[in-house]
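Let me begin by presenting the structure, written as C-alpha cells, before commenting on it.
Readers should treat all values here as calculations from the given coordinates under stated rules, not as data from a laboratory. Keep in mind that this is a model prediction, so the values were computed, not measured. All Cβ positions, even for glycine, are placed from backbone atoms using ideal geometry, and neighbour counts span all protein chains on display.
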Ligand code: A2P
Ligand code: 11C
C-alpha cells in the first residue's frame, strides 16, 4: 500500500541518500515529509519533479505518518523514536540506540527479512554499516560452511561521520596542498594522508564501540549467539565506501570453488575476484552503487577451516540508506 513517510535527518549524508533511494526505487509513497533541525527548516529539495520543503522536527511531526526513517544520530532517535512510535508510526532507526533491545528487530533484508514484521515497540533497527557490509559477504558462506569465528580489520570512509567528516577531509587536503596549517575538529588527529585506529568511543575492554557492534549485531542478525568476533576499526582518508579485511573460520571444511559458488544469484553481493587479471574491488568500485563486492578470497594459511577475503560496500547506501529503504519496502509489501 502507498505509505505516508517521514525522513528524520533528511539533510544529512544518509538522509539525502534515503531520498535518492526512495526516488530511484519507486517506493510506494502517499506523502513524504522531510524533517531536520531548525537550521534547515524552509530549505527546498527536489523530489520526483516536485519541490519539498524541509520542516523542523518537533514532537507533533508524526501525526498521520505511517513510517519514519530516522538518521539524525542516537540522541535524536532516543528522544523522538518513542514519540513517533506512540503516534502509531513504525520507525526504521539508523542509530545504535535500540539495536540491542530484545524487542527491537535488527534487520538486513537479505539475511533475516522475517524479523522486520515482529516489532512490538514499533521500532526496527538498521544495523551498523560495517556490520551490514561484512555480513553481506559472510552470510552466503555461513549457509554453506557454518560460521564460527570472524577476525576483521575495517577501513572506514569519512562519510561514516556524516557531512562534517567529508568536509574535514576535503578541508585538510586543500590546506596541506596549499601549505596552510591543518585544523582537526571531527577527528582527534589529522585524517588527510593519515589513518585513525579509533572509531566511536572506547569500552572498558579496550575495544571501541564500533568494533563491538560487529560482534553483538552479527550475533543478533544471523541468530548465532555463539559467534566469535574480533575486530579493529580504522578511519581512512576515503570519501565513501567501507572496506573490510576478514578471516572467517567455519565449522565445516572449506572448499574454495564451493565458496565462490555461494555468491551465485545472491542479491546485493557479487564476486570481483580474479588474481590473474588483478581484479579486486576498491572503495571507488562500490561507491554510489547498491552492490557489495568480495575479492581476494583464498584459503587462510594460518587458521584452520578458514577463508581470507576482502569486502567493500557503499556504507551510505547499503550500509545505511538502502538497507533502511529495503526494510521499508518489506513493510510496504504487506
Ligand atoms: P541539519 O542539517 O538541519 O543540521 P549528518 O549525519 O550528515 O551530520 O546529518 C545529521 C542530520 O541530522 C541532518 O539532517 C541534521 O539536520 C539532523 N539533525 C541534527 N540535529 C538535529 C536536531 N536537533 N533536530 C532535528 N534534526 C537534527
Ligand atoms: C562510521 N560506522 O563509519 C560509523 C557510522 O553505529 O551505525 C555509523 C555508526 C553506527 O563512523
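Some notes on this structure:
- Applying the criterion of being outside any loop (DSSP other than H, G, I, E, B) and away from ligand 1 (no atom under 16 Å from the Cβ) to the residues of the range 83-115, the residue that is nearest to the chain's Cα centre (by Cα) is 106.
- If you go through the range 188-214 and keep only what is farther than 30 Å from residue 228 by Cβ and within 11 Å of ligand 2 (Cβ to nearest atom), you end up with nothing.
- Those residues of the range 262-298 which are in a loop (DSSP other than H, G, I, E, B), without any contact (Cβ under 8 Å) to a residue 24 or more places away in the chain and over 25 Å from residue 249 (Cα atoms), in sequence order: 278
- Sole residue being free of Cβ contacts under 8 Å to residues at least 24 places away in the same chain and closer than 18 Å to residue 317 by Cβ, chosen from 53, 24, 11, 58: 24
- The residue that is farthest from residue 161 (Cα to Cα), counting only those in the range 235-254 that are part of a strand (DSSP E or B) and in contact with a helix residue (DSSP H, G or I) (Cβ under 8 Å, 6 or more places away or on another chain), is 250.
- Residues in the range 68-82 that are buried (at least 24 other Cβ atoms within 10 Å of the Cβ) and outside any helix (DSSP H, G or I): 68, 69, 70, 71, 72.
- Qualifying residue in the range 3-16 (condition: more than 21 Å from residue 326 (Cβ to Cβ) and surrounded by 13 or more Cβ atoms within 10 Å (Cβ to Cβ)): yes
- The helices (runs of 4 or more DSSP H) falling completely within the range 116-224 that include 3 or more residues that are surrounded by fewer than 20 Cβ atoms within 10 Å (Cβ to Cβ) and within 16 Å of ligand 1 (Cβ to nearest atom) map to 163-178.
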